[in-house]
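The structure appears below as structure tokens.
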Amino acid sequence: MRLTPNPEIIAWAIERCGKTPKDLKSAFPRIQEWIEGQGRPPTAKQVEKLAKRTHVLPSYFYKEEIPDLSLQIPDFRTMDSKAPVNPSPELYDVINQMLSRQDWLSGYLEEMGAEPIEFIGCCSEAKSIGDCAARMWDLLDLKPGWARGKQGSAAVKFLRDHIEALGVYVYAGSYFGNVTTRPFDEKEFRGFVLTDSYAPVIFLNTRDAYSAQLFTLAHEFAHILFNESGVDDAMLGRENKGKEDRCNALAAEFLVPASLLHPAFDEHDINSALKELEKLTGASAIVVLRRAKDLGRITQKEFFDRYDAYMEELPERLERKEARNSGTGAPSPYVLKKNHLGSLFTETIFTALKSEYLLYSDAYRLTGMKANFFNEYYRREGMYV
């Protein structure tokens with residue numbers, strides 16, 4: 001361990017969090033000197049402050065070599081065929097948070113005598129995507145067309161509730177912890193999954209459009225049926241062979257089954273059929289387009305032409321979504337916390353507290369709440385702690 005901070009690690013920490021020395025100059029006037037190893041090195045207090053701003057441990061700055069903070073779980077992302085070597089601090093930290101919660105959940109449930117979840121990996125030996133989709137509908141107690149009339153957030157919540165009813169813990173959020181200045185980047189990841197025999201976990205990045213969130217949720221559940229953990233972008237664009245394409249195909253068949261797509265194309269022209277299917281399924285235009293291509297209702301050229309046009313318009317679509325959300329007023333912090341934690345985790349923490357298995361201090365840590373907020377949150381949920 002060094003006695004003074006390592007200039008290379010100072011530079012690495014700044015770059016890792018997506019900032020430049022110029023961005024931090026007002027808080028650290030001598031930041032450039034520190035990076036170049038010139039002048040007086042930063043004090044211990046300055047290192048602690050810099051660590052907080054760059055989201056790393058203070059001890060890292062005193063190491064001889066740059067720490068290995070690579071992705072903790074398998075990487076299924078395509079990212080235009082170039083997956084990032086290292087995750088952002090936000091992705092890295094939220095995966096650690098979910099791993100910590102899963103570790104506690106799995107131990108607690110096993111100790112309480114819960115049975116392992118039988119359907120984990122149930123599609124690993126399936127002969128076809130159609131067989132997997134049938135299994136998925138059966139598990140979730142849903143039928144083709146289940147999303148009819150459920151648009152936007154309603155469809156996402158409906159599917160999430162059905163997944164949680166099976167014992168899968170679904171978390172969601174658009175930023176890490178309670179820090180709005182640490183947003184997740186939907187271009188980096190749309191979700192990830194951590195499989196486990198007792199407490200499988202899905203995390204959903206809610207910065208995406210609702211139709212994209214719906215596909216990501218189905219996609220991550222598909223990974224559980226194949227008993228796979230990993231982080232991905234869950235995009236139905238350019239072909240991606242292997243595990244991602246398999247889960248994409250299953251999620252697409254689940255959301256836009258052939259039994260709905262063919263009648264729509266038989267009765268309407270392409271544009272009308274696409275719009276009708278988006279309304280019937282809650283799926284995005286990309287998912288519907290991909291299904292139409294895979295089922296031979298549009299050509300590969302038509303798919304890529306429409307795909308490229310959609311992706312070109314996507315930033316504007318997301319801006320309009322943010323504008324609509326800001327215009328309706330921000331949800332209360334209790335609503336945001338419930339959306340993040342989900343019903344199943346909220347109830348599990350409550351049960352563990354009431355059985356005196358869990359200390360309140362640990363409950364605050366696991367949920368990311370302080371005592372007063374914790375008590376009020378559960379009071380609003382009709383659970384008095």
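Here the stretch 335-385 and the stretch 12-63 have alpha carbon centers that stand 36 Å from each other. Taking only protein heavy atoms and a 1.4 Å probe, the accessible area of the chain is 50% carbon and sulfur. Using a cut-off of 17 Å between alpha-carbon atoms, which lysines can reach K275, once sequence neighbours fewer than 8 places away in the same chain are excluded? Reachable lysines: K150, K293. In the assembled protein chains, D103 presents an accessible area of approximately 120 Å² (probe radius 1.4 Å). Structure note, pairs K279/K338; K19/K52; K187/K301: Cα-Cα distances above 18 angstrom occur for K279/K338; K187/K301.
Annotation: per residue accessible area for the chain equals 49 Å², rounded to a whole number [probe 1.4 Å, protein chains only].
Start at zero, step by 5 Å, and the Cα-Cα distances of the stretch 1-43 spread as 5, 25, 32, 27, 8, 2 percent across the bins. Dimensions of the stretch 160-258 from C-alpha coordinates, computed as largest minus smallest value along each principal axis and given longest first, are 41, 34, 21 Å.
Averaging over all projection directions, find the projected area of the Cα convex hull of the stretch 116-179 and quote it in nm² with one decimal place.
Details: hull surface 24.6 nm².
So the mean shadow area of the Cα hull is 6.1 nm².
Bridging of K127 to lysines at a Cα separation below 20 Å is possible for K241, K243, once same-chain residues fewer than 8 apart are set aside. The helix-based estimate of mean residue ellipticity at 222 nm for the chain, built from -39,500 (n - 2.57) per DSSP H run of four or more residues and divided by its residue count, is -17000 deg cm²/dmol to the nearest 500.
How big, in percent, is the set of alpha carbon pairs in the stretch 30-164 lying more than 23 Å apart? It works out to 65 percent of all Cα pairs. The Cα trace of the stretch 90-216 gives Rg and Dmax of 15.8, 46 Å, the first to one decimal, the second as a whole number. Computed with the Debye formula from one identical point scatterer per Cα of the stretch 241-385, without solvent, the log10 of I(q)/I(0) at q = 0.08, 0.11, 0.18, 0.19 Å⁻¹ comes to -0.42, -0.68, -0.97, -1.02. Three principal axis extents describe the C-alpha atoms of the chain; from largest down they are 75, 54, 45 Å.
Taking the chain, the Cys residues with no second Cys beta-carbon under 4.7 angstrom are C17, C122, C247.
The values are calculated or read from the model by the stated rules, or taken from the named source; none is laboratory data. This one's a predicted model, so the numbers in the text were calculated from it and none came from an experiment. Cβ atoms come from the backbone with ideal geometry, glycine included; neighbour counts cover every protein chain shown. Heavy atoms of the whole protein, side chains included, go into the accessibility calculation; ligands, DNA and RNA do not. Shrake-Rupley method; radii C 1.70, N 1.55, O 1.52, S 1.80 Å.
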